[in-house]
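The block underneath contains the structure these notes are about, expressed in structure tokens.
The values are calculated or read from the model by the stated rules, or taken from the named source; none is laboratory data. No experiment lies behind these values; they were computed from the predicted model shown. Here the Cβ positions follow ideal geometry from the backbone for every residue, glycine too, while neighbour counts run over all protein chains shown.
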Amino acid sequence: MSVSSRSTAPSRPVSGTVSPVVGLDETLVRGREALLALQSPHGFWWAELESNVTMAAEHLLLEHFLGIGEANRWSQTCRYLLQHQSADGSWPVYHGGPGDVSVTTEAYFALKLGGIDPERPEMVRAREFVLKQGGVASTRIFTKLWLSLFGQFDWNAFPAMPPETLLLPDRGPFNIYEFASWARATIVAIFVVWAYKPVVAVPAERGVSELFVDQRDRSRIRFKRDRKPITWRNAFLVADGLLKLYDKSPIKPFRARALDACERWIVDHQEADGSWGGIQPPWVYSLIALKCRGYSNDHPVMARGIAGLLNEFGLYEDGTFTVQPCVSPIWDTCLAITGLREAGLPPDDPRLRKAGLWLSAREVRRKGDWAVKVRDTEPGGWAFEFANDAYPDTDDTAEVLIALRLLDLDGTTRDAAERATTWLRAMQSSNGGWGSFDKDNTRQLVTKIPFADFGATLDPPTEDVTAHVLEWLLINGSDPEQDASVRRGLDYLWSTQEQDGSWWGRWGVNYIYGLGAALPALAASGVDPADERIRRAVAWLETHQNADGGWGESCASYDNPSTRGIGPSTPSQTAWAVLALLAGGELHSNATERGVRYLVTMQERDGTWDEPEFTGTGFPRDFMLNYHLYRQYWPLWALGRYRRMLAGEAIHRPDDDPWR
């Protein structure tokens, strides 16, 4: 955990009718105390956001590129990498998952640069795994980019990424604002890197020539063409060849202007904590890009960026070092507030008030990239991280508003709530749903460029985000019969229900998360639990309940939908299922009671739950996450809501002015 602060204030007992599940009240009390003990003295909650080992590997490579390597930290990084290696020598994208050739290649290269003997058994196994997968030729574009920075792959084989692209008008059919926010900030930096094609030489014995099945693969990338001759993908491949010819030309009239524009864009988008976009990918590439532009490591922009990676995002634990892909204090704090309120803490609890005021102070009050498509709306909303004013997101904003509404804050958040609600409405996409960071970020054209092999170039409306926004609007008093925005959102949500009754999950794994978001939103809209669509959703949950009473789903369901709802039970996914069942009218069902009993039984003596599985997503299929507080506030939320509904208690105030 990143922070902890043990409170000595007494907890109030949970009142109400007797639960059929023995030990529920004690579980809630222990769970509340355990979560409160993790609250920062400043009021927020924040725990590790765990991902795969590319974060550690790429950080070591970045330090080598920038010339800031430190022997002890490299040793700690190598130790971290080796500790997370699978028995077959590979490294997976998520806990318990299959080995990934790109992740394994990056880890192997970082270990070699870090001084690990390539003949160690761990390295031999890793090398054998990569070669069995086809070698470096089988890795993603980003892995090849990292290898190119050190002369291990030929820059000239890369798809063209001309910086002149930034000069295209933002209302044209192809421009950087058609990419998702995370891809956009990364791509602008890569424009610069591609133009300079920098190489930091490494000794031959530290290179990875042994990972190429065919040495010709060091200077070629095989792009798949569509079978139909006239498609956007094939057109882009033709354009790629023409752009490479242009790049070789001594006459590039717009290159200097474009590089200046990219540099300004990068500098203007740096956040107060030194990050770009609050996430690792654009952060590291922006530092590399500015280094190409002549920025020294002690330049204020570079110094802030390096310090942020080593401090705010760096994790030093048990003699190891890694970097988080992101930090989640806003998300963790608002969900912890709601979990604690559901679990029985009153709205005027001083610890919750402190958390609410901390959240209120983090409202984003300046226009970011979202304003390119939403031009006439006042800023308002919340981001995910400590500092990310360029990219507030609709999901965090909705959950923050739900949490703040549950607290007594003496009206201090009324104006912020009104601004944020107006902003949320303006961010609704034309199909009725909500994306996370942008409106109508749905232009499939940009997914066809040769560079885009990482599968997450767009931020389209999704079921879970739409459900959270709708839940907020409905809780806040919107009438689905009178509110056109809510009606369109509900139509979108119904239209995305799967034939089997489930909903896909964009930001959580997977169909269980989708159900855990969709059903509470639909319940808030007043839908009859007897509705055939609700019954199908409930039946799906009942069918996929495990023998131990819990629910679980592997990240593999993103690749293979036949595995949906299949996996070992986890606390967070069981909590989502219980919340969905409660919303579906199943308060007294056997499935709900068994799910509650699983959560009660699986709680540790110290009030926590254990969950090594990854139940969050960054980019489905490619980048999965383990939120280390999901195991804590989601079970509290589900158990508390179950206990409260049994007692017939309301958590949302019935009056017309919840912001009093």
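Those residues that are assigned to a loop (DSSP other than H, G, I, E, B) and in contact (Cβ under 8 Å) with a residue 40 or more places away in the chain, I need them from the stretch 288-313; list them, please.
Hits for the stretch 288-313 are 293, 297, 312.
Can you tell which of 260, 240, 226, 273 is over 18 Å from residue 164 (Cα atoms), of a type outside the set (Val, Ile, Thr) and assigned by TED's automatic domain parsing to the domain that holds residue 195?
When all the criteria are applied, what remains is 273.
Of the residues in the stretch 356-368, how many are buried (at least 20 other Cβ atoms within 10 Å of the Cβ) and in a helix (DSSP H, G or I)?
2
From the set of residues in the stretch 399-426 that are part of a helix (DSSP H, G or I), of a type in the set (Val, Ile, Thr) and touching a residue at least 60 places away in the same chain (Cβ under 8 Å), which is surrounded by the most Cβ atoms within 10 Å (Cβ to Cβ)?
400
Answer with yes or no whether residue 278 is in contact with a Ser or Thr (Cβ under 9 Å, 6 or more places away or on another chain), surrounded by 24 or more Cβ atoms within 10 Å (Cβ to Cβ) and touching a residue at least 24 places away in the same chain (Cβ under 8 Å).
no
The rows are residues; the columns are (1) under 22 Å from residue 241 (Cβ atoms); (2) surrounded by fewer than 21 Cβ atoms within 10 Å (Cβ to Cβ); (3) modelled with pLDDT of 95 or more.
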| position | (1), (2), (3) |
| --- | --- |
| 120 | no, yes, yes |
| 124 | no, yes, yes |
| 130 | no, no, yes |
| 133 | no, yes, yes |
| 144 | yes, no, yes |
| 153 | yes, no, yes |
| 156 | yes, yes, no |
| 160 | yes, yes, no |
| 168 | yes, yes, no |
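Are any residues in the stretch 231-289 under 30 Å from residue 387 (Cα atoms) and small (Gly, Ala, Ser), and if so, which ones?
If the condition is that a residue be under 30 Å from residue 387 (Cα atoms) and small (Gly, Ala, Ser), then 258, 261, 272, 274, 275, 277, 278, 286, 289 are the ones that fit.
Quick one: residue 316 ticks every box in (1) outside any strand (DSSP E or B); (2) touching a residue at least 24 places away in the same chain (Cβ under 8 Å) except a single one, so which number is it?
In the conditions (1) outside any strand (DSSP E or B); (2) touching a residue at least 24 places away in the same chain (Cβ under 8 Å), residue 316 misses (1) alone.
Filter the stretch 195-209 down to the residues that are in a helix (DSSP H, G or I), surrounded by fewer than 14 Cβ atoms within 10 Å (Cβ to Cβ) and not small (Gly, Ala, Ser) and list them by number.
Within the stretch 195-209, 205 is the sole residue that qualifies.
How many of the residues in the stretch 319-349 are charged (D, E, K, R) and in a helix (DSSP H, G or I)?
Qualifying residue count, the stretch 319-349: 3.
When you go through (1) aliphatic (A, V, I, L, M); (2) assigned to a helix (DSSP H, G or I); (3) under 26 Å from residue 532 (Cα atoms) one by one for residue 599, which number turns out not to apply?
In the conditions (1) aliphatic (A, V, I, L, M); (2) assigned to a helix (DSSP H, G or I); (3) under 26 Å from residue 532 (Cα atoms), residue 599 misses (3) alone.
Evaluate the following for residue 538: is it touching a residue at least 60 places away in the same chain (Cβ under 8 Å), assigned by TED's automatic domain parsing to the domain that holds residue 33, more than 27 Å from the chain's Cα centre (by Cα) and surrounded by fewer than 24 Cβ atoms within 10 Å (Cβ to Cβ)?
Considered against the rule, which asks whether it is touching a residue at least 60 places away in the same chain (Cβ under 8 Å), assigned by TED's automatic domain parsing to the domain that holds residue 33, more than 27 Å from the chain's Cα centre (by Cα) and surrounded by fewer than 24 Cβ atoms within 10 Å (Cβ to Cβ), residue 538 comes out as no.
Checking residue 304 against (1) of a type in the set (D, E, K, R); (2) under 25 Å from residue 393 (Cβ atoms); (3) out of contact with any strand residue (DSSP E or B) (no Cβ under 8 Å at 6 or more places or on another chain), which single condition isn't satisfied?
(3)
Determine which member of the set 240, 226 is part of a loop (DSSP other than H, G, I, E, B), at pLDDT below 80 and acidic (Asp, Glu).
Among 240, 226, only 226 is part of a loop (DSSP other than H, G, I, E, B), at pLDDT below 80 and acidic (Asp, Glu).
Test residue 192 against the stated conditions and say whether it is surrounded by 13 or more Cβ atoms within 10 Å (Cβ to Cβ), in contact with a helix residue (DSSP H, G or I) (Cβ under 7 Å, 6 or more places away or on another chain) and closer than 17 Å to residue 152 by Cα.
no
Give just the number: which of (1) closer than 26 Å to residue 315 by Cβ; (2) modelled with pLDDT of 95 or more does residue 261 not satisfy?
(1)
Take the conditions small (Gly, Ala, Ser), more than 24 Å from residue 49 (Cβ to Cβ) and either touching a residue at least 40 places away in the same chain (Cβ under 8 Å) or in a loop (DSSP other than H, G, I, E, B) (or both) and apply them to residue 565. Does it pass?
yes
So which residues in the stretch 62-95 are among the aliphatic types (A, V, I, L, M) and in a loop (DSSP other than H, G, I, E, B), if there are any at all?
Within the stretch 62-95, 68, 87, 93 meet the criteria.
Restricting the first residue to the stretch 37-61 and requiring it to be on the phi < 0 side of the Ramachandran plot, which pairs with a second residue that is in a loop (DSSP other than H, G, I, E, B) and aliphatic (A, V, I, L, M) meet a Cβ separation below 6 Å and a spacing of at least six or different chains?
Filtered contacts from the stretch 37-61: 38/1; 40/3; 46/3; 47/1; 47/629; 52/93.
What are the residues in the stretch 607-622 that are surrounded by fewer than 22 Cβ atoms within 10 Å (Cβ to Cβ) and either touching an Asp or Glu at 6+ places or on another chain (Cβ under 9 Å) or within 18 Å of residue 91 (Cα to Cα) (or both), if any?
Hits for the stretch 607-622 are 607, 610, 612, 618, 619, 620, 621, 622.
Looking at the stretch 476-509, which of its residues are outside any loop (DSSP other than H, G, I, E, B) and of a type in the set (A, V, I, L, M)?
Within the stretch 476-509, 484, 486, 490, 493 qualify.
Among the residues of the stretch 443-475, what is the count of those that are at pLDDT 95 or above and assigned to a loop (DSSP other than H, G, I, E, B)?
Number of matching residues: 3.
Could you list, in sequence order, all residues of the stretch 589-605 that are more than 30 Å from the chain's Cα centre (by Cα) and among the acidic types (Asp, Glu)?
Passing the criteria: only 593.
Conditions first: (1) on the phi < 0 side of the Ramachandran plot; (2) touching a Phe, Trp or Tyr at 6+ places or on another chain (Cβ under 6 Å); (3) assigned by TED's automatic domain parsing to the domain that holds residue 344. Residue 501 passes all but one, so which condition is the exception?
Condition (1) is where residue 501 drops out.
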